[in-house]
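> Got a structure here, written out as structure tokens. Questions coming.
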Amino acid sequence: MGDMSRRYFGTDGIRGRANSRPMTAEIAMTVGMAAGVAFKRGAHRHRVVIGKDTRLSGYMIENALVAGFTAAGMDVFQLGPVPTPAVAMLTRSLRADIGVMISASHNAYYDNGIKLFGPDGYKLSDDIEHQIEDLMDEDLSTRLAAPDAIGRAKRVDGVRDRYVEFAKRTLPREMSLEGMRIVVDCANGAAYKVAPDALWELGAEVIRIGDEPNGYNINRDCGSTDTKALRKKVHETRADIGIALDGDADRVIVVDEQAKEINGDQIMAVISEYWQTTERLSGGGVVATVMSNLGLERFLNGRGLDLARTKVGDRYVVEHMRANGYNVGGEQSGHVVLSDFATTGDGLVAALQVMAVVKAENRPVSDVCRKFEPVPQILQNVRYSDGLPLEAAPVKEAIADGESRLGNGGRLVIRKSGTEPLIRIMAEGDDETLIRKVVNDIAGAVSKYAA
């Protein structure tokens with residue numbers, strides 16, 4: 001459930017339609033001031049790194065954040081368009097006090113968002129976000145920098161090259177992608193240069209699509225949420241593999257040589273099995289969310305591994321991984337977190353690990369990446385405008401009835417979206433007719449109270 005007391009932050013930072021609350025220049029500047037005040041510790045020169053994707057509104061939000069952070073006395077390093085994981089990495093390597101990514105991830109161009117990272121490169125905890133929200137609603141005028149202590153801002157060159165080198169180093173030293181024909185769909189987003197460059201430098205033949213951003217076409221008919229163009233191109237060019245990133249490149253969907261889609265659950269299965277075999281897997285399993293398929297859980301259990309589930313949001317996956325010593329985690333949607341390498345989801349790095357398995361086993365992607373047969377899973381969204389539809393007695397009854405009908409042969413997950421006014425109803429199990437009926441009955445009950 002989303003916490004309704006949160007005034008600005010959702011499950012993945014602050015997000016909304018550009019130039020509408022909360023995604024306005026004024027609020028972005030306030031975020032910069034509040035986060036700047038919150039992270040000022042000691043007398044050293046404080047610094048913040050800011051990256052963005054390719055949305056038109058990125059210019060507006062970036063400049064507003066720069067104004068806020070410099071007003072708070074922080075120096076700002078502007079990275080330009082880079083993937084979210086690059087911001088997390090550079091926050092650490094440039095010894096910044098805070099990192100910021102301006103992106104609405106897989107949403108359309110007219111939305112934007114602000115994600116914040118601490119000095120360790122991890123997304124901020126709920127507690128720190130609450131502190132920042134409290135500061136945003138205060139009068140900060142007495143806590144801003146004196147005229148001689150206002151921050152400076154500068155654009156930093158060469159950051160893309162640093163990220164490309166980092167991504168390449170996640171593969172074994174002797175491994176090359178020579179002989180592989182790869183189609184990469186950059187979603188007209190943040191990875192439009194770095195992903196094709198990294199793959200080419202590793203020796204692959206690279207065919208690129210979704211690499212011509214214009215401010216409006218990010219995620220439009222491309223990327224990890226719409227793989228049609230990628231599947232078509234893989235088929236046309238007889239490629240070995242297709243890789244679809246999303247707008248900020250923190251998630252990936254793979255397409256095999258038969259132009260079939262491989263989601264985050266299968267990617268986690270591939271990597272965890274290979275790492276178990278090569279004695280690199282830690283934690284005794286994988287961390288995923290309540291939305292991951294029961295088929296993944298059964299596959300892992302069959303190998304003596306467990307599947308730990310968290311609420312939806314890659315941040316919660318990462319928190320559980322850190323607390324319990326896991327090094328593979330992620331979401332069905334393609335956020336794959338490999339904590340040996342990164343502090344957040346990294347689409348390119350996850351794709352490279354899949355290719356490492358393909359190379360090591362010398363088998364086609366369709367063989368390597370079909371680890372389990374997913375059980376039927378039905379997801380339905382019900383939009384609501386107001387109120388608490390899940391609190392209504394008839395809705396609670398419908399949910400309890402659905403759970404008892406599914407019994408041990410399936411799972412039911414009902415939650416509010418953290419980014420949109422939607423109730424998400426998901427059921428899965430071996431009997432598709434039954435789960436479809438259960439979802440429809442609950443959706444019908446919710447709809448009545450979703451006024």
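The values are calculated or read from the model by the stated rules, or taken from the named source; none is laboratory data. Owing to the predicted nature of the structure, the values given are computational and were not obtained by experimental measurement. Cβ coordinates were reconstructed from backbone atoms using ideal geometry, including for glycine residues, and neighbour counts include every protein chain displayed. We work out accessible area using only protein heavy atoms, side chains counted, and drop any ligands, DNA or RNA first. Shrake-Rupley method; radii C 1.70, N 1.55, O 1.52, S 1.80 Å.
> What does the charge count around Met74 come to, taking other residues whose C-beta lies under 15 Å from its C-beta (Lys +1, Arg +1, Asp -1, Glu -1)?
Taking every other residue near Met74 into account, the sum is +4.
> Let me ask something else. Based on the inverse mean of 1/r over its pairs of different Cα atoms, what is the Kirkwood hydrodynamic radius of the stretch 12-159, in Å?
So the Kirkwood estimate lands at 14.8 Å.
> Average the reciprocal distances over every distinct pair of alpha-carbons in the stretch 233-302, invert the result, and give the Kirkwood radius in Å.
13.7 Å
> Considering only the other residues whose Cβ falls under 10 Å of the Cβ of Gly118, what net charge follows from Lys and Arg at +1 and Asp and Glu at -1?
0
> Where does the chain land at 222 nm, in deg cm²/dmol rounded to the nearest 500, when only DSSP H runs of n ≥ 4 count, each adding -39500 (n - 2.57), divided by all residues?
One gets -11000 deg cm²/dmol as the mean residue ellipticity at 222 nm.
> Per residue, what accessible area does the chain have, given a 1.4 Å probe and all protein chains present, in Å²?
Heavy-atom accessible area per residue stands at 41 Å².
> Please report the net charge: other residues with Cβ closer than 15 Å to the Cβ of Ala108, K and R +1, D and E -1.
Combined, the nearby Lys, Arg, Asp and Glu give -3.
> At q = 0.12, 0.15, 0.21 Å⁻¹, what log₁₀ I(q)/I(0) does a Debye calculation on the Cα points of the stretch 315-399 give, no solvent, two decimals?
One equal scatterer on each Cα of the stretch 315-399 leads to -0.62, -0.81, -1.05.
> With Kirkwood's inverse mean 1/r over C-alpha pairs for Rh, give me the Rg to Rh ratio of the stretch 289-356, two decimals please.
Result for the stretch 289-356 is an Rg/Rh of 0.94.
> Okay, moving on. Take every Cα pair under 8 Å in the stretch 392-451 that's 6+ residues apart, average their separations, divide by the length, and report that relative contact order as a whole percent.
So the answer I get is 33 percent.
> Which of the three applies to the stretch 88-132, rounded, prolate or oblate, going by the alpha-carbon gyration tensor with a ≥ b ≥ c and a/c under 1.5 meaning rounded?
Note, shape of the stretch 88-132 comes out oblate.
> So, one more: Find the relative contact order for the stretch 223-273 and round it to a whole percent, using C-alpha pairs within less than 8 Å whose residues are 6+ positions apart.
31 percent
> Residue-wise, which Karplus ³J(HN,Hα) couplings in Hz belong to the stretch 38-47, taking 6.51 cos²θ - 1.76 cosθ + 1.60, θ = phi - 60°, and x for glycine or proline?
Those phi angles translate into 5, 9, 6, 9, x, 9, 5, 5, 8, 9 Hz.
> Here's another thing I want to ask about it. Using just the alpha carbons, could you tell me how many Å³ per residue the convex hull of the chain encloses?
Normalising the Cα hull of the chain by residue number yields 141 Å³.
> Rg(Cα) of the stretch 231-351 divided by 2.2 N^0.38 Å?
1.03
> Indicate, rounded to the nearest 5 percent, the antiparallel portion of the DSSP beta bridges found entirely in the chain.
Of the beta bridges lying entirely in the chain, close to 55 percent run antiparallel.
> Checking a compactness column here: for the stretch 62-125, what do you get for Rg(Cα) / (2.2 N^0.38 Å), N being the number of residues?
1.10
> Distance cut-off 30 Å, Cα to Cα: go down the list Lys52/Lys371; Lys168/Lys416; Lys371/Lys437; Lys154/Lys416; Lys260/Lys448 and report the pairs above it.
Lys52/Lys371; Lys168/Lys416; Lys154/Lys416; Lys260/Lys448
> Follow-up question, since we're still on this one. Let me check against my output: what whole-number percent is the relative contact order of the stretch 143-292, with C-alpha pairs under 8 Å and at least 6 apart?
19 percent
> To the nearest 20 debye, what is the magnitude of the charge dipole of the chain about its Cα centre, counting +1 on the Cβ of each Lys and Arg and -1 on the Cβ of each Asp and Glu?
Using only the charged Cβ atoms, the result is roughly 480 debye.
> Would you mind getting the Kirkwood hydrodynamic radius of the stretch 80-191 from its Cα pairs, rounded to one decimal in Å?
Across the stretch 80-191, the inverse of the average 1/r is 17.2 Å.
> At each listed q (0.09, 0.12, 0.18 Å⁻¹), what is the log10 of I(q)/I(0) that the Debye formula gives for the stretch 294-451 modelled as equal alpha-carbon point scatterers?
Log-scaled intensity ratios, in q order: -0.39, -0.67, -1.18.
> Here's a follow-up. Suppose the Debye formula is applied to equal point scatterers at every Cα of the stretch 1-96; what is log10 I(q)/I(0) at q = 0.16, 0.17, 0.24 Å⁻¹?
-0.71, -0.80, -1.38
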